[in-house]
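J.: Quick one: this structure, given as structure tokens, is what I'll be asking you about.
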Amino acid sequence: MGRDLFDQFPEWVEMADSELGYSIKKLCLEDPDRQLSRTQYTQPAMYVVNALSYFNKLEKTQRKPDFVAGHSLGEYNALLAANTYDFLTGLRLVRKRGELMAGVAGGAMAAIIGMGAERVSEVLYNFAFDTIDVANYNEPLQTVISGPAGDLQDVTLVFKEAGAEVFPLQVSAAFHSRYMRGVQSEFQAFLDQFDFQPGTIPVISNYLARPYVHDRVKETLTNQICNPVRWTESIQFLLQQENPEFEEIGPGTVLTNMIRKI
């Protein structure tokens with residue numbers, strides 16, 4: 001991840017290394033201490049590589065998009081692209097976010113494939129799995145659930161019996177759920193240290209599935225931590241714009257595939 005970008009943007013990489021206290025390039029390409037899967041390292045790594053990918057795209061095309069959106073952590077890169085804050089400020093935000101979220105243990109997440117979101121909620125209700133939250137509305141037939149690891153393992157069997165495919169996610173906590181509320185106020189207090197600028201490009205919020213309102217950026221980012229990613233609705237909003245064309249910036253084509261299915 002980012003193999004072709006680190007040497008292309010040495011000043012940004014040096015800035016990231018200085019802020020983080022370790023080599024972001026070594027973490028992404030070698031991961032000698034097996035840290036990359038831990039969210040306090042995953043989030044800064046994704047933010048940096050996404051940012052370099054965007055800078056690279058701007059250099060090549062000299063064109064900016066009409067709208068930007070990011071899935072979960074990627075929303076911080078969307079706000080960077082909209083000049084809501086600078087590169088270093090965004091890195092400080094995601095570093096703190098990752099550290100706080102890493103402190104919430106005992107949770108897990110799983111993707112439910114082949115079943116609509118309403119049906120997923122029905123199954124959770126009918127079988128009284130009231131400790132499980134919907135975390136991501138990714139596409140019409142892909143919903144991610146989040147909750148205590150033991151309960152998630154139990155509900156997996158129920159969904160399989162109902163005809164869905166279930167894929168556990170390689171995450172360290174129950175993200176985008178009620179179990180993140182404990183870190184919400186601390187993250188909000190951290191955000192209050194910063195001043196954000198009005199975005200130069202509309203940013204679609206995971207929490208709202210609509211564009212950010214400038215004077216509510218901090219509130220919206222705080223709410224994003226413990227509320228579901230409404231990705232399907234976000235893309236449906238963008239599909240209402242005139243002649244929409246989507247391009248995924250960064251490693252992989254996960255979001256492109258989701259958009260195609262939406």
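J.: Please check which bits of region 39-68 a label hung off Phe246 would reach, taking the label as a point 7 Å along Cα-to-C-beta and the cut-off as backbone N under 14 Å.
T.: Counting only backbone N, you get 67-68.
J.: Could you give the nm distance between label points at Leu141 and Gln153, where each point is 7 Å from its Cα heading toward the beta carbon?
T.: Spacing of the two 7 Å Cα→Cβ label points: 3.0 nm.
J.: Taking the chain as the reference, fit the longest principal axis to its C-alpha atoms, fit the long axis of helix 10-20 to the helix C-alpha atoms, and give the angle between the two in degrees, 0 to 90, nearest 10.
T.: 60
J.: Right, another one. As a test of the formula, what do you get for the chain when each DSSP H run with n ≥ 4 contributes -39,500 (n - 2.57) and the sum is divided by the residue count, at 222 nm and rounded to the nearest 500 deg cm²/dmol? Walk me through the intermediate numbers first.
T.: Values: 11 runs with 125 residues, N = 262.
That comes out to -14500 deg cm²/dmol.
J.: Let me ask something else about it. Rounded to the nearest Å, what's the spacing between the alpha carbon centres of region 96-111 and region 117-164? Just the number, please.
T.: 18
J.: Quote the charge dipole size of region 159-238 about the Cα centre in Debye, to the nearest 20; the model charges only the Cβ of Lys and Arg (+1) and of Asp and Glu (-1).
T.: On the way: 7 positive and 8 negative charges, 29 e Å.
Approximately 140 debye in magnitude.
J.: Using the C-alpha atoms of region 162-227, what convex hull volume per residue, in cubic angstrom, is computed? Don't skip to the end; give the middle numbers.
T.: On the way: hull volume 9.0 nm³, N = 66.
Taking only Cα atoms, region 162-227 has a hull volume of 137 Å³ per residue.
J.: So, one more: In whole Å and largest first, what semi-axes does the C-alpha gyration tensor of region 1-113 yield when each eigenvalue is scaled by 5 and square-rooted? Don't jump to the answer; show the numbers that get you there.
T.: Values: eigenvalues 106, 67, 37 Å².
Sorted largest first and rounded, they come to 23, 18, 14 Å.
J.: At a threshold of 8 angstrom on Cα-Cα distance, excluding pairs fewer than six apart, so keeping six or more, what relative contact order does region 120-195 reach in percent? Intermediate values should be presented prior to the final figure.
T.: Values: 55 pairs, mean separation 19.0, N = 76.
Rounded, it is 25 percent for region 120-195.
J.: Still on this structure, I have one more. Of Pro202, Pro251, Pro148, which is the most mobile in a GNM of the chain whose springs link Cα atoms less than 10 angstrom apart?
T.: Comparing Pro202, Pro251, Pro148 in the GNM, the peak value goes to Pro251.
J.: Still on this structure, I have one more. Any chance you could check the Cα centroid distance between region 185-235 and region 43-78 for me, in angstrom?
T.: For region 185-235 versus region 43-78, the Cα centre distance is 16 Å.
J.: Taking a temperature of 20 °C and a viscosity of 1.002 mPa s, what whole-number D in µm²/s does Stokes-Einstein yield for region 80-124 with Rh from Kirkwood over alpha carbon pairs? Before the final figure, lay out each step's value.
T.: Numbers: Rh = 14.0 Å.
In µm²/s, the coefficient rounds to 153.
J.: Can you tell me the length gained on complete extension of the stretch Lys218 to Arg63, counting 0.36 nm per residue apart and subtracting the Cα distance?
T.: Working: separation 155, 0.36 × 155 = 55.80 nm, distance 2.78 nm.
Difference between extended and current length: 53.0 nm.
J.: So, one more: Read phi for every residue in region 205-217 and hand back ³J(HN,Hα) as whole Hz from Karplus 6.51 cos²θ - 1.76 cosθ + 1.60, θ = phi - 60°, with x for Gly and Pro.
T.: 7, 4, 6, 9, 6, 8, x, 4, 9, 4, 7, 10, 4
J.: Once you charge only the Cβ atoms, +1 for Lys and Arg and -1 for Asp and Glu, what is the size of the charge dipole of the chain about its Cα centre, to the nearest 20 debye?
T.: Values: 23 positive and 33 negative charges, 5 e Å.
Here the size comes out at about 20 debye.
J.: Right, something else. Average the reciprocal distances over every distinct pair of alpha-carbons in region 144-262, invert the result, and give the Kirkwood radius in Å.
T.: After inverting the mean inverse Cα-Cα distance, the result is 16.9 Å.
J.: So for the pair Thr253, Phe127, with labels modelled 7 Å out along Cα→Cβ, what separation do we get in nm?
T.: Modelled inter-label distance: 3.3 nm.
J.: With only alpha-carbon atoms counted, please give the Rg and Dmax of region 117-189, in Å.
T.: So, for region 117-189, Rg and Dmax equal 12.9, 44 Å respectively.
J.: So for each of 237-244, 122-129 I average, over its residues, the number of other beta carbons within 10 Å; can you give me the resulting order with the highest mean first?
T.: Numbers: 237-244: 11.0, 122-129: 14.1.
Averaged packing, sorted descending, gives the order 122-129, 237-244.
J.: Most mobile of Thr232, Thr220, Thr61 per a Gaussian network model of the chain (Cα springs, under 10 Å)?
T.: In the Gaussian network model the winner is Thr61.
J.: Rg to Rh ratio, the chain, alpha-carbon atoms and Kirkwood radius? Mind showing how you got there, number by number?
T.: Details: Rg = 18.3 Å, Rh = 19.1 Å.
That ratio equals 0.96.
J.: Along region 67-73, what does the Karplus equation 6.51 cos²θ - 1.76 cosθ + 1.60 (θ = phi - 60°) give for ³J(HN,Hα), rounded to whole Hz, x for Gly and Pro?
T.: Using θ = phi - 60°, the values come out as 9, 9, 8, x, 8, 6, 4 Hz.
J.: Exceeding 26 Å between C-alpha atoms, which entries from my cross-link table qualify? They are Lys25/Lys60; Lys25/Lys218; Lys57/Lys218.
T.: Numbers: Lys25/Lys60 22 Å; Lys25/Lys218 30 Å; Lys57/Lys218 28 Å.
With Cα atoms farther than 26 Å apart: Lys25/Lys218; Lys57/Lys218.
All of the numbers you see were taken from the coordinates with simple rules; none came from a lab. Since the model is a prediction, treat every value here as computed from it, not as a measurement. Using ideal geometry, Cβ is built from the backbone for each residue, glycine included, and neighbour counts are taken over all protein chains shown.
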